[in-house]
Amino acid sequence: MISSEGPTFSVEVSSGEVDAGAEMTLKAKASCSPAADLRGQALQIMDQDGALVERAELTEFDGESNETSEFAVKAPVEPGAYTWLAVCPALATAGPSSEETSAPFSFTVKPHSTRVVVWDVPSTIESGETFSVKLGVNCSGECRPDGWTVEVRDQDGERRATVTFGGEPWPATSALYYAEVELSAPDTDGLHTWEAKALADDLHLPHAEAVASFGVRVVPAPECLLMVVAVDMESQTPVKGAKVVVHPYKTFTDERGVAEVKIPKGEYRLFVSGKKYFPFRSDGEIKTNVTIKAELAVDRELSDADIWT
Amino acid sequence: MATKNDHPGNDPKPENEKGLNRRDFVKTGVAAGLGAGGALLGPYEAQAQVGASSAEQTVWDYEADVVIAGGGCAGLTAAIRARDLGASVLVVDQNFDLGGRMLHSGARVSLGGGDAVQLRDMKGESDDEGFVTVDPSEDPEELDDNIELLFTDITDWSVVDPKGQSPYRYNERELVRAWAENCPATRQFLMDNYVRFTRISGTHGGGGLSRARAAQCFLMLGDRTDIRAGTITAEDAGRADPERTSPFAPVQMTNASRSVGPNAVSNGVALSRSLEFSAREKGVEFMLHRRFDEIVREEPFSGKVLGITAGYSPRQHPDTGELLQSFWQNGNIDERRETVKIRARQAVVLASGGHAGNPEVRGMFYPGLREPAFPTSGRALQGPGGQDAAALIAGLKVGANLAGMQQNLSYGTTFHITTRLGTREAYTSMMPGHPTFGFRTSAGVNVGNAGFEEFIAVNQVGKRFFSEVRLPRRPGLNAYPGDRGAPGRGLAHTPLDWRNCRKEWVREMYNYDHGLDAALAMNEGSEAPDYYSGPLWAVFDQDAVERTGWELRYPYVSDNGYFFQADTIEALAAKIEADHEFQRVPLSYLPETVATWNSYVDAGEDPEFERHEDAPMNRIATPPFYALSIMVIWHDSYGGLRVNGRQQVVDMQGQVIPGLYAGGEAVGGFNKHGLGKGHVHGYIAGTHAVEEPSS
């Protein structure tokens, strides 16, 4: 809490920084000498222009000082530093030693922090193909997305798409609003770094801009078929759902324990792992269609029973 | 939920012929000519007891022949042994129930030297009750053991483990000689006290490389829980519901059919509850919620040990505030005064565990583990008083010597990163059902060693610090049949052979990555003088959850500050900072770390920690985002009080402290993991404690 104290009157603000247009929580404390029960007396919150923003009431008295309960005040929309005033007229008439009837308090209004999330980017895309990604936007004030715009720019800064948000949050999130966008892959092979940028110009409340980078990997057309057969090393039974990674290609084995990956010729490192298995690794060069049997060892290198009595 | 009242026929009531109750203590004590001081005093018959020497100005509240601090592995064994030899025995324990960590252990008891279970399996025989119906796991020659071979194994200077440490070189010779000689007798002792053993399979850590010596303890599933009959209900065993344990079994018992036969279940419950049942049946008395504090000695650094002081350490249910009750109550003394003084007419046995739960004490071995965020195992089960170094502290105050102080670092897995995430009590899988579950509120998610490829691990400021997949890896245990430490595996191992530690071989077999040490490093964000390591976090996304099937719901995780979910990485970092009790600094680097990680995934290469060499890498991109705590658990304590072959505590001049014994993890100088050490210590201590002259 931040406190601006006069000798007999103070105001606490829940945080020195507050999002534009968001609610601040205040609590005021007033006392005088001799002590007086000022419950029921009003106090006023005045903004930097002297305009009345909010009223509150002193509701608690402990024999020495009076307090309000916590009350909410809406912060200004415009970012910047502010000093407001809390005024308690009752203090002026409460006794001969009452000196202060108002107390300034300061806070800073900031634009809403914004986050951009990019997911479901395919791990490989062939040149010229279209692909889709999901974009999510979220702000510190959990604002609804109406009016939010996200631009997607490629490695050369060219704008590839503009997305306007609306609708509901992504499942299992509280305020991450999402959209799906279709994009075209670059013409050249390789890993390209693209950006998704949330634009804040047209929003009702000020928001900071936010950028998220994501990789777009363009690969040449496949030339070979790599078939992976994953089995349990001990039982030799197929392993369904094992993760197959031949960077940058990724897939999972099916109910037969089989995964098929179409890839260009070249040197590769194959990992097969997941579920309860340690990673199986195989390095080599693939020049033609090939089948690799991955015998997976169960993760019990050192079980609890092995170690702990 | 099964309680004691559900099976009154199987309560360990003292047998009229064999056991003693409080009144019988008085009668027997007087009849045995113990004199005016031979009464067991209690709150209803309290008398001031004033003896001859200056120290005996002490006003005693209770007395017994043998007073034991700690009702776990070593303590219960010592109690029963002393009782068998005719002593009155009083055990104090800081917890609300007996068993210590033995109760939640895997019950793997590694003894040997030609013990009864080795002999049984060598002959291919079953046990006396006919429960063991599977064939032996080991060949007869792997079980053909003797005391000399056992002693040679556990003092073998030449054995070096894959961490480059020597687990046997620094063992105290007299201590481990006595241990080896008493292994067969202790095995038989346990069997005589309702403990049933599976087939032997291998040997446990620190138990030697030449022969198979370890068996687990089991019970048979049945219609009722009856220790005498060797049966337990599925409910009591925690087998009826995969998400429930029971007041009887804090950890669900495991299927032991492969090492026993159909319907066998195993873990520390089969060992601890059996011994407890026998102890209560034989008339051992217990004072629970009672923390051992101080040793009372005739003079501060000389003279006989006269007894102990013990403080009230109530454990209350975290939700109701009610005093927790032990599962069985027979033999319990309900004493609630703040401090009591208990006189030991013959001996005090310190069996209150080690120092793993005391960050200040364990920090002498590894300053990075002064970090209170990292607990000992069994913190929920035993409470903050578990493994609190009480014996070590009290022993030093009366002049006790120490032994094996470097051995915390020479056992490969004393402290380790656990694969159970999302709970502070990361050693066990305790589920709701046991009264102490409320102290942890989540069972945790056991991701396994393989699961570490599914997330990034970050330190207290949100930076990665090691290849994740190397973090949970632990070096081998250097126990039969060997685990890449010794060049000869199984029967091919040659004890006392210089080739076991030839440097070329050590270079070849060295297999330790020091990820744990990176985790404990003095981390950015720490400020003098408190250079804490800080909490560790596994950070991952919704894709990881769908790949793995991890259950991110109660009872595996809960809103207890060890599991977090958020819309964005930034929000995740903010939640951790706000709600984790040991998060002293913000995870300010976490968003950058995740973005950098994702770029490494896209590139297929991790230039910082070479993760790409070990396992596939996965983007962290699909919301929502998650964080689970990664725990470093200090489990075992090595290094403690010095004792001789009779478990008598020895002082700094090499002299025995009369009347003071110690066993289990309170003792140093024996780099053997687990129950086998504690049981034999207790057996030896109980045997010799009753030989002390009675005062």
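Derivation of every value follows stated rules applied to the coordinates shown; laboratory data play no part. These numbers were taken from a predicted model, which means no experiment stands behind them. Reconstructed Cβ throughout: ideal geometry from the backbone, glycine too, with neighbour counts over all protein chains shown.
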- [ ] For the range B:628-695, state the semi-axes of the equivalent ellipsoid (square roots of 5 times the eigenvalues of the alpha-carbon gyration tensor), sorted largest first and rounded to whole angstrom.
- [x] 28, 14, 10
Open item on the list: Taking the alpha-carbon distance from A:K29 and a cut-off under 21 Å, which lysines remain once sequence neighbours fewer than 8 residues away in the same chain are dropped?
Closed with: A:K74
- [ ] Quick one: plug the Kirkwood hydrodynamic radius of the range B:535-639 (C-alpha pairs) into Stokes-Einstein at 25 °C, 0.890 mPa s, and report D in µm²/s.
- [x] 162
Open item on the list: For a protection proxy built on the mean count of beta-carbon atoms within 10 angstrom, sort A:109-121, A:63-75 highest first, please.
Closed with: A:109-121, A:63-75
Task: Check: chain B dipole with +1 on Lys, Arg Cβ and -1 on Asp, Glu Cβ, in debye - done: 1380
TODO: Return an integer: the convex hull volume of the alpha-carbon atoms of chain A, in Å³ per residue.
DONE: 214
- [ ] Extending each Cα 7 Å along its Cβ direction at B:D139 and A:L225, get the distance between those two points in nm, one decimal.
- [x] 4.7
Open item on the list: Can you tell me what percent of all Cα-Cα pairs in chain B are more than 47 Å apart?
Closed with: 16
- [ ] Summarise the partner chain shielding of B:293-304 as one whole number: the mean count of Cβ atoms from other chains within 10 Å of each residue's Cβ.
- [x] 0
TODO: Rank these for me by crowding, A:L183, B:L392, B:L271, going from fewest to most other beta carbons within 10 Å.
DONE: A:L183, B:L392, B:L271
- [ ] Take every DSSP beta bridge whose two residues both sit in the protein assembly as shown, then give the antiparallel share in percent to the nearest 5.
- [x] 80
Open item on the list: Could you give the length gained by full extension between A:E295 and A:S213, i.e. 0.36 nm per residue of separation minus their alpha carbon distance, to one decimal place?
Closed with: 25.8 nm
Task: the range A:177-210-the range A:240-265 distance, computed between alpha-carbon centres (Å) - done: 30
- [ ] Kindly provide the pair-distance distribution of the range B:399-546 built from C-alpha pairs, with 5 Å bins from 0 and whole-percent values in order of increasing distance.
- [x] 2, 8, 12, 15, 15, 15, 13, 10, 6, 3, 1, 0
Task: Residue (of B:L409, B:A229, B:T133) at the positive-pole extreme of chain B, dipole from beta-carbon charges - done: B:A229
Task: Listed peptides B:667-673, B:461-467 by packing density, highest first (mean Cβ within 10 Å) - done: B:667-673, B:461-467
- [ ] May I ask you to order B:280-290, A:150-160 by the average number of other C-beta atoms within 10 Å around their residues, highest value first?
- [x] B:280-290, A:150-160
Open item on the list: Please compute the Kirkwood hydrodynamic radius over the range B:83-168, one decimal place, Å, based on all pairs of different Cα atoms.
Closed with: 16.9
TODO: For A:E234 and A:E182, compute 0.36 nm times the residue count separating them, minus their Cα-Cα distance, and round to one decimal in nm.
DONE: 14.2 nm
Task: Positive-end residue of A:S14, A:T101, A:G241, charge dipole of chain A with Cβ unit charges - done: A:G241
Task: FRET efficiency, 1/(1 + (r/R0)^6) with R0 60 Å, evaluated for B:R228 and B:R502 via beta carbons - done: 0.65
Task: Spin-label pair B:L396/B:E243, simplified geometry with 7 Å Cα→Cβ offset, distance in nm - done: 4.6
Task: Model label zone, B:N146; criterion: amide N under 19 Å from point 7 Å along Cα-to-beta-carbon; scope the range B:494-513 - done: B:494-497
Open item on the list: Less than 13 Å apart at the alpha-carbon level, and either on another chain or at least 8 residues along: which aspartates and glutamates does that give for A:K197?
Closed with: A:E151, A:D154, A:E158, A:E209
Open item on the list: Show me, bin by bin at 20 Å from 0, the whole-percent P(r) of the protein assembly as shown based on Cα pairs.
Closed with: 12, 36, 30, 18, 3, 0
- [ ] State the percent of C-alpha pairs, over all pairs in the range B:322-394, separated by a distance greater than 14 angstrom.
- [x] 71
Task: Qualifying GluC sites (Glu not before Pro) for the range B:519-589 [loop in DSSP, other Cβ within 10 Å: at most 12] - done: B:E581
Open item on the list: What would the Debye equation give as log₁₀ I(q)/I(0) for the range B:235-341 at q = 0.09, 0.16 Å⁻¹, counting only Cα atoms as equal point scatterers?
Closed with: -0.39, -0.92
- [ ] May I ask you to derive the FRET efficiency for A:A172 and A:F131 from their Cβ-Cβ distance with R0 = 35 Å, giving the value to the nearest 0.05?
- [x] 0.90
Task: Net charge dipole size for the protein assembly as shown [Lys, Arg +1 and Asp, Glu -1 on Cβ; Debye, nearest 20] - done: 3400
Open item on the list: Within 10 Å of each Cβ in B:463-476, how many Cβ atoms from other chains are there, averaged over the peptide?
Closed with: 1
- [ ] Mind giving me the FRET efficiency for A:T59 and B:N332? R0 is 45 Å, r the Cβ-Cβ distance, nearest 0.05 is fine.
- [x] 0.30
Task: Length-normalised contact order for chain B - Cα pairs under 8 Å, 6+ apart - percent - done: 20
TODO: Select from the range A:201-285 those trypsin sites (Lys or Arg not before Pro) which occupy a DSSP coil region and have at most 14 other Cβ atoms within 10 Å, ordered by residue number.
DONE: A:K240, A:R256, A:K265
- [ ] Restricting things to alpha carbons, tell me how big the range B:560-695 is in terms of Rg and Dmax, in Å.
- [x] 26.1, 77
Task: Estimated distance in nm for a label pair at B:E610 and B:R484, the labels positioned 7 Å out from Cα along Cα-to-Cβ - done: 1.5
Task: Lys, Arg +1 and Asp, Glu -1 on Cβ, resulting dipole of the range B:398-544 about Cα centre, debye, nearest 20 - done: 540
TODO: Please identify, among A:G257, A:G284, A:G16, the residue showing maximal mean-square fluctuation in a Gaussian network model of chain A using a 10 angstrom Cα cutoff.
DONE: A:G284
Open item on the list: Filter B:K397/B:K677; A:K250/A:K275; A:K243/B:K463; A:K250/B:K463 down to the pairs with a C-alpha to C-alpha distance above 20 Å, please.
Closed with: B:K397/B:K677; A:K243/B:K463; A:K250/B:K463
Task: Viscosity 1.306 mPa s, 10 °C: Kirkwood-radius Stokes-Einstein D of the range A:165-309 over Cα pairs, µm²/s - done: 84
